[in-house]
Amino acid sequence: YTPAVLLIVVPEFIIGMALYRLYRQDWLTPLLCRDGSFLAAAAAVAVLGCVKGTDAAILWVFPILLIAAAANQSRGSRILNSRPLRYLGKISYGLYLVHIFFFYMVFVVWRPWLTQVTESLGLAAWYDVVAPVIAFACTVLLASLSYHFFERPFLSFKRRFSFVPSRD
């Protein structure tokens, strides 16, 4: 890497700082705490994600979606605090670690076999629908196993150590 690589992320960093400052000033929060704002920002991210060349726009809209999700106190909040989404948050580190493996397996290694099976079942559009579902299900399964049999024991192990506050 060269220092020039850092120039690529500077605009994103500045956008994040600016939006955070707006969020902390509390005049943006009442506008974004409504369900309509949350749904509009989610729809904008979904639409922009499907259109080529809209990366710069997503840089502005996605943080607004995050702020709207954090500020929302009604239906959007209930959806985001549902048990399935909280569980995905709990196993999110495992999801992060294993997702690329299963997406590679489904879209590259198993592709010929899955194409053959889905065509025999009459699901010609497997690549767009069935493959992501299989990859996601496998990812959640392994991340869940990882959390329950590996992460959670280590998380409970850390309770044996006492917290020593900084002298600063």
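Taking 1.306 mPa s as the viscosity and 10 °C as the temperature, the Stokes-Einstein diffusion coefficient of segment 58-127 based on its alpha-carbon Kirkwood radius rounds to 103 µm²/s. At full extension, Ile14 and Leu31 could sit 3.9 nm farther apart than now, given 0.36 nm per residue minus the alpha carbon distance. Projecting label points 7 angstrom from Cα along Cα→Cβ for Phe154 and Phe101 puts them 1.3 nm apart. Surface composition of segment 1-44: carbon plus sulfur atoms contribute 73% of the solvent-accessible area (1.4 Å probe, protein chains only, all chains present). Specify which labelled value, from (i) 33; (ii) 21; (iii) 43, agrees with percent of Cα pairs over 30 Å apart derived from the coordinates of the model shown. Checking each listed value against the structure points to (iii). Working from Cα pairs under 8 Å separated by at least six residues, relative contact order for the chain is 18 percent. For the chain, the Cβ-based charge dipole about the Cα centre amounts to some 760 debye (Lys, Arg positive; Asp, Glu negative; other atoms uncharged). Kindly provide the chymotrypsin sites (Phe, Trp or Tyr not before Pro) of segment 78-128 that DSSP labels as loop, not H, G, I, E or B, and whose Cβ sees at most 15 other Cβ atoms within 10 Å. Filter output for segment 78-128: Tyr127.
PRE reach from Gln73 (point 7 Å along Cα→Cβ): which of segment 1-44 fall under 19 Å by backbone N? So the set is 23-39. Placing unit charges on the Cβ atoms of the charged side chains and taking the dipole of segment 20-168 about its Cα centre, the candidate lying farthest along the positive direction among Ser146, Ala57, Ala46 is Ser146. For segment 35-168, the per residue solvent-accessible surface stands at 73 Å², with DNA, RNA and ligands left out and a 1.4 Å probe.
Which FRET efficiency, nearest 0.05, do Ser166 and Tyr93 yield, Cβ-Cβ r, R0 22 Å?
On the way: r = 25 Å, r/R0 = 1.16.
The value I calculate is 0.30.
The values are calculated or read from the model by the stated rules, or taken from the named source; none is laboratory data. The structure displayed is predicted, hence computed values, not measured ones. All Cβ positions, glycine included, derive from the backbone under ideal geometry; neighbour counts span all protein chains shown. All accessible areas refer to the heavy atoms of the entire protein, side chains included, with ligands and DNA or RNA removed. Shrake-Rupley method; radii C 1.70, N 1.55, O 1.52, S 1.80 Å.
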